[in-house]
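A quick write-up on the structure given underneath.
The values are calculated or read from the model by the stated rules, or taken from the named source; none is laboratory data. All values reported here derive from a predicted model rather than from experimental measurement. Neighbour counts are summed over all protein chains in view; Cβ atoms, including those assigned to glycine, are modelled from backbone coordinates with ideal geometry. Ligands, DNA and RNA are excluded from the accessible area calculation, which covers all protein heavy atoms including side chains. Shrake-Rupley method; radii C 1.70, N 1.55, O 1.52, S 1.80 Å.
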Amino acid sequence: MTEPLLGRSLDRLEDARFVQGRGRYVADLVAPDALHGVVVRSPHAHARITAIGIETARRMPGVAAVLTGPNWHPTISARCRAR
């Protein structure tokens, strides 16, 4: 029978790497051709958004896509129209 792990300290194999500054974090990983997303929300709580001007954002260098409720997911679009 194996020894129980509960209530017992375990050797952490990664500690030495991180203490010596050689550890890798998820934020350090770089995927080729990766895109980064930004969510822009209304600065006003419970505000009703009546229009979104996306043309300026689309023209900015490096922008791959501009997504809003109607073109992001049909469920969100239906909820917005129902209000």
Count of residues meeting criterion [free of Cβ contacts under 8 Å to residues at least 24 places away in the same chain, open to solvent by 80 Å² or more (accessible area, probe 1.4 Å) and either in contact with a Leu (Cβ under 7 Å, 6 or more places away or on another chain) or not aliphatic (A, V, I, L, M) (or both)] in the stretch 39-70 = 12
Kindly provide the set of residues from the stretch 1-38 that are surrounded by 10 or more Cβ atoms within 10 Å (Cβ to Cβ) and of a type outside the set (Asp, Glu), ordered by number.
-> ALA16, ARG17, PHE18, GLY23, ARG24
Are there any helices (runs of 4 or more DSSP H) wholly within the stretch 34-83 with 1 or more residues that are hydroxyl-bearing (Ser, Thr, Tyr) and either modelled with pLDDT under 85 or touching a His at 6+ places or on another chain (Cβ under 7 Å) (or both), and if so which?
-> 74-82
